[in-house]
Amino acid sequence: MSAETIAPSDEAGLAAAIASAHAAGTPLAVWGNATKAAFGRPVQAAGAVSARNLTGITLYSPAELVIAARAGTPLAEIEAALAAHGQHLIAEPPDLSALMGPGEGPPTLGGAVACNLSGPRRIALGAMRDHVLGVRAVNGAGEVITSGGRVLKNVTGLDLAKLLTGSRGTLAVLTEATLKVLPAPERTATVMLRGLDAARGVAALSAGLGSPYGVTAAAHLPEAAAPRAGLGAAATLLRVEEFADFVPYRTARLAEALASFGAAEVLDHDASLALWRSVRDARPLGAAPEDAVWRVSVRPSAAPQVVGALRRSFDAKLFLDWGGGLIWLAGPATEDAHRAVAAAARSAGGTYWLMRADAGFRAAVAHLPDEPPALAVLTRRVKAAFDPKGILNPGRIFAGI
Amino acid sequence: MLAMPEPDPKVLARREAIVAALRERAGAANVIAEPLRLKPYETDGFTAYKCVPLAVVLPESTAQVAACLRYCHEQGIRVVPRAAGTSLSGGALPLEDAVVIGVARMNRILEVSLEDRLARVEAGVTNIGITKAVEGEGFFYAPDPSSQLACMIAGNVAMNSGGAHCLKYGVTANNLLGVTMVTIEGEVIALGGGHLDTPGYDWLGLITGSEGQLGIVTEVTVRILCAAEGARAMLVGFAATDVAGAAVADIIASGIIPVALEFMDKPCIHACEAFAHAGYPLDAEALLIIEVEGSAAEQDALLDRLKAICARHAPTTVRVARNAEESAAIWKGRKAAFGAIGRISPDYLCMDGTIPPGALPEAMRRIGTLAAHYGLQVANVFHAGDGNLHPLILFDANDPESFRRAEMLGADILRLCVELGGCLTGEHGVGIEKRDLMTAQFGPADLDQQRRVKRAFDPQWLLNPHKVFPLEAAGTA
């Protein structure tokens with residue numbers, strides 16, 4: 001995001017740049033197109049390195065359910081290549097540009113993997129990290145390392161690919177990732193219940209997710225959030241994705257199974273696609289420009305109580321995804337509000353992320369819960385195992401690391 | 001034969017004091033030190049290697065595990081974690097100077113929440129034990145390794161176990177929500193639980209499949225799923241293995257992800273048929289077992305589509321189960337495969353490489369050539385959809401030359417898997433079996449990076465020190 005960003009055009013160039021920063025002990029900010037630079041702790045670094053110029057799909061084998069691309073490849077390019085063969089990215093990674101600002105270009109594969117951001121399908125089919133089969137990366141000493149591979153089952157050695165997924169550029173800079181993909185469903189439809197409160201809404205989502213009808217997304221939009229997704233009143237939403245001839249049966253049975261929660265409506269394919277794109281990208285949240293944005297992750301059954309606590313603490317805008325287990329939350333960027341979020345997550349045995357706030361606020365508060373001491377020791381040692389001089393994205397996840 | 005690290009004479013000399021200290025920390029009844037009672041712990045499912053350990057501890061709590069590990073760490077004593085001992089790669093093989101710490105006595109189900117679709121269990125609960133605890137409510141735990149009646153969830157986590165149904169449901173890593181793990185330094189760390197976001201690094205992902213290199217898992221939270229309305233299998237015979245391979249590719253490309261897609265070659269078909277009388281076609285060169293799930297109508301629709309796809313590959317036999325009994329009959333031979341091979345050969349090595357499924361015909365051809373070169377017979381049974389091969393190498397353990405050739409053939413088959421774009425192990429783990437082949441898959445920088453991570457958890461290299469990493473480099477980096 002500054003003139004000093006080094007953006008080599010190949011992996012060897014990236015490795016050389018990091019090796020010289022390692023030799024000189026120069027800290028580097030790490031990104032692709034910086035679309036997610038505004039969340040997490042702000043990085044103080046003299047230089048910056050970007051993988052944005054490492055682009056291109058390097059392998060796509062539809063019959064083997066596998067795609068590989070260099071880290072700077074726009075996600076949209078990967079999604080288009082998959083769509084041409086009727087396939088898609090399983091974890092449904094979001095486009096948070098409406099929330100986080102536009103960055104310097106389109107969201108990239110490297111960013112999606114490095115931040116392990118997943119969309120509504122996460123509740124049924126896993127996160128990005130569940131589908132990363134292998135990575136290539138450059139560690140903080142400038143060495144090219146590989147982990148995993150291009151096959152669907154692989155338990156050879158330590159799974160560094162999973163460790164690097166979600167490590168936000170603090171351990172190594174991803175140069176290429178290989179993902180498992182799946183056939184995109186022929187049709188999708190959404191079973192919708194209206195007017196439920198958070199407790200009844202989550203109970204309905206649990207009942208749906210615990211049914212045999214293959215629910216692949218489950219969200220609850222309270223009354224204030226629903227209109228932003230084009231729905232009138234509080235909406236409890238369960239998605240089915242299947243072959244076209246299976247969808248009517250599945251939605252009918254699901255509606256029947258949820259009858260005690262009220263009469264269900266069924267949203268058809270197109271309405272359903274638009275709705276879940278909106279949920280995926282957190283658009284129903286309606287955060288004001290000055291609001292802070294958090295994600296709170298708890299067990300679904302704890303969500304209603306967390307929602308209640310948050311609403312009592314401040315003017316909370318929120319909606320629930322992942323069966324209630326993910327609470328998207330916006331509110332005033334104050335330490336009081338932040339303390340309330342942290343306390344609510346802790347009391348439910350869950351966790352939180354401060355996703356968006358101005359840099360000063362993000363640096364001043366714990367944007368994630370502090371780790372227990374034994375874990376913090378491991379974090380420091382593992383960081384040193386990849387990046388002995390601590391030059392990659394220092395402070396991005398935890399202060400001093 | 002694989003080399004093992006030299007035992008530390010100073011540790012061997014202190015055996016009695018060590019046993020006394022462990023008894024103090026884990027309770028006398030939980031420490032085994034008598035030679036006769038140690039004998040059962042000398043090996044695991046990979047029986048070619050044996051070594052009686054210094055002592056065995058079977059703690060009853062996380063606190064006892066922590067106390068024992070802290071002691072071993074302070075004293076510089078090697079530790080070998082153990083669950084049910086069903087590893088096929090020697091994952092639980094002891095060392096003469098090592099203390100085995102097993103989780104078998106920690107076998108309580110701690111919590112089941114259907115609402116949150118999770119079960120929290122102690123690590124010594126068996127894989128099937130989790131499903132048994134929830135099946136009354138229509139739920140199940142998805143990963144289903146062949147050893148599921150015996151194997152324990154701690155071992156499943158250590159090896160990232162798969163099974164026949166992971167094409168649809170994923171492996172252990174994809175079904176895990178949390179663990180409690182004790183490090184060699186005796187620190188108890190609790191990770192995850194009922195929530196899905198990970199605040200810092202993905203420790204759960206790193207620990208899963210780490211083969212006891214990073215710590216001992218004592219408690220596990222898994223995702224449980226509502227079972228499908230029903231499932232049915234079909235069996236299709238083909239005139240050649242590459243034709244079956246092409247059918248597999250067509251099935252996946254069609255958009256159908258069967259819940260299981262199993263492949264057997266002719267030697268395996270014959271062995272299974274002779275053993276289980278499942279009605280397998282003896283004229284087929286290759287056989288696929290394909291299982292689908294859903295409502296009865298959905299099963300019909302999927303099986304019709306699969307039949308049409310297979311019909312393009314001139315199948316020699318097509319048998320579609322009409323009900324659960326007929327499905328069970330189709331599965332009967334496959335499920336008995338290892339036992340069936342055991343009947344036709346005094347011993348066999350079960351290999352576990354993965355290849356890109358598109359390379360299946362070439363892999364089959366070259367495995368055949370390699371087997372002929374070593375003068376050994378190989379029967380093949382694969383999870384075809386995900387390319388996870390299980391070539392079974394038949395040999396006679398009473399003939400050292402036969403065993404030597406079997407080991408060499410196995411190594412060549414695994415190198416072939418890597419050459420074809422795959423890996424050394426899809427679900428059994430590296431253990432000792434594939435330890436010395438790691439350099440075939442990883443370059444020096446890759447292995448050094450893994451070793452530095454291991455050392456971050458285990459600075460003295462005490463946990464399972466003879467596994468996963470080639471010995472000459474194990475302690476360095």
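Bear in mind that the values in this text are calculations on the coordinates, not laboratory data. Note that the coordinates shown come from a computational prediction; the quantities given were computed from them, not determined experimentally. Because the Cβ atoms are built from the backbone with ideal geometry, glycine has one as well, and the counts that use them run over all protein chains shown.
At a threshold of 8 angstrom on Cα-Cα distance, excluding pairs fewer than six apart, so keeping six or more, what relative contact order does the range A:25-97 reach in percent?
Details: 83 pairs, mean separation 17.7, N = 73.
Rounded, it is 24 percent for the range A:25-97.
Applying 1/(1 + (r/R0)^6) with R0 = 35 Å to the Cβ-Cβ distance of A:Asp268 and B:Asp250, what FRET efficiency is obtained, to the nearest 0.05?
Details: r = 30 Å, r/R0 = 0.87.
So, using R0 = 35 Å, E works out to roughly 0.70.
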* Enter the angle in degrees (range 0 to 90, nearest 10) between the Cα long axis of helix B:324-335 and the first principal axis of the Cα atoms of chain B, meaning the one along which they spread out most. => 60
* Do the alpha carbons of any pairs in B:Lys132/B:Lys266; A:Lys153/A:Lys317; A:Lys317/B:Lys168; A:Lys180/B:Lys307 sit beyond 31 Å of each other, and which pairs? -> B:Lys132/B:Lys266; A:Lys153/A:Lys317; A:Lys317/B:Lys168
* Please tell me the relative contact order of chain B in percent, rounded to the nearest whole number, where contacts are Cα pairs under 8 Å and at least six residues apart. => 14
* **12 Å beta-carbon shell around B:Met234, net charge (K/R +1, D/E -1)** => 0
* To do: Determine the distance separating the Cα centre of the range A:57-86 from the Cα centre of the range B:76-90; give it in Å without decimals.
  => 40
* To do: Just tell me which lysines come within less than 22 Å, Cα to Cα, of A:Lys389; anything on the same chain fewer than 8 places away is out.
  => B:Lys454
* Hits among lysines - C-alpha to C-alpha of B:Lys39 under 23 Å, sequence gap 8 or more where chains match -> B:Lys10, B:Lys50, B:Lys467
* To do: Could you list which residues have their amide H under 5 Å from that of A:Glu176, counting only those 5 or more apart in sequence or on another chain, with H placed in the peptide plane?
  => A:Ala71, A:Arg136
* To do: Distance from a point 7 Å along Cα→Cβ of B:Glu96 to each backbone N in the range B:12-37: keep the residues under 19 Å and list them by number.
  => B:12-19, B:33-37
* Please find, in a Gaussian network model of chain A (springs between Cα atoms separated by less than 10 Å), the residue of A:Ala91, A:Ala51, A:Ala252 whose mean-square fluctuation is greatest. => A:Ala252
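Between A:Ala399 and B:Glu42, what FRET efficiency follows from the Cβ-Cβ distance if R0 is 45 Å, with the result rounded to 0.05?
0.35
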* Structure fact -> Nearest 10, in degrees from 0 to 90: the angle of helix A:269-280 to the longest Cα principal axis of chain A is 50
* From the phi of every residue in the range B:290-299, what ³J(HN,Hα) in whole Hz does the Karplus formula 6.51 cos²θ - 1.76 cosθ + 1.60 yield, where θ is phi - 60° and glycine or proline is x? -> 10, 10, 10, 10, x, 5, 4, 5, 5, 4
* Asked: What is the order of A:His269, B:His277, fewest Cβ neighbours within 10 Å to most?
  -> B:His277, A:His269
* **Cα long-axis angle, helix A:11-24 against chain A (0 to 90 degrees, to the nearest 10)** => 60
* Structure fact -> Residues whose modelled amide H sits under 5 Å from the amide H of B:Ala142, counting only those 5 or more places away in sequence or on another chain, are B:Leu225
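Excluding B:Arg366 itself, what net charge comes from residues whose Cβ is under 14 Å from its Cβ, given Lys and Arg +1 and Asp and Glu -1?
Residues close to B:Arg366 contribute a combined charge of -3.
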* Structure fact -> Taking every DSSP bridge whose two residues both lie in the protein assembly as shown, the antiparallel percent to the nearest 5 is 90
* Under 14 Å from the Cβ of B:Leu110, count the other residues' Cβ atoms, weight Lys and Arg +1, Asp and Glu -1, and hand me the total. => -3
* Calculate one ³J(HN,Hα) per residue across the range B:36-48 by plugging θ = phi - 60° into the Karplus curve 6.51 cos²θ - 1.76 cosθ + 1.60, and present them in order as whole Hz with x for glycine and proline. => 5, 7, 7, 3, x, 9, 6, 8, 9, x, 9, 7, 5
* Asked: Residue by residue, what Karplus-based ³J(HN,Hα) values in Hz, rounded to whole numbers, does the range A:381-392 have, using 6.51, -1.76 and 1.60 with θ = phi - 60° and x for Gly and Pro?
  -> 5, 5, 4, 5, 5, 9, 9, x, 9, x, 8, 8
* Asked: Stretch B:Ala240-B:Ala297 to full length: gain in nm at 0.36 nm per residue minus the Cα-Cα span?
  -> 17.3 nm
* Structure fact -> Assertion target for B:Ile18, A:Ile327, ordered by fewest C-beta neighbours within 10 angstrom first, is B:Ile18, A:Ile327
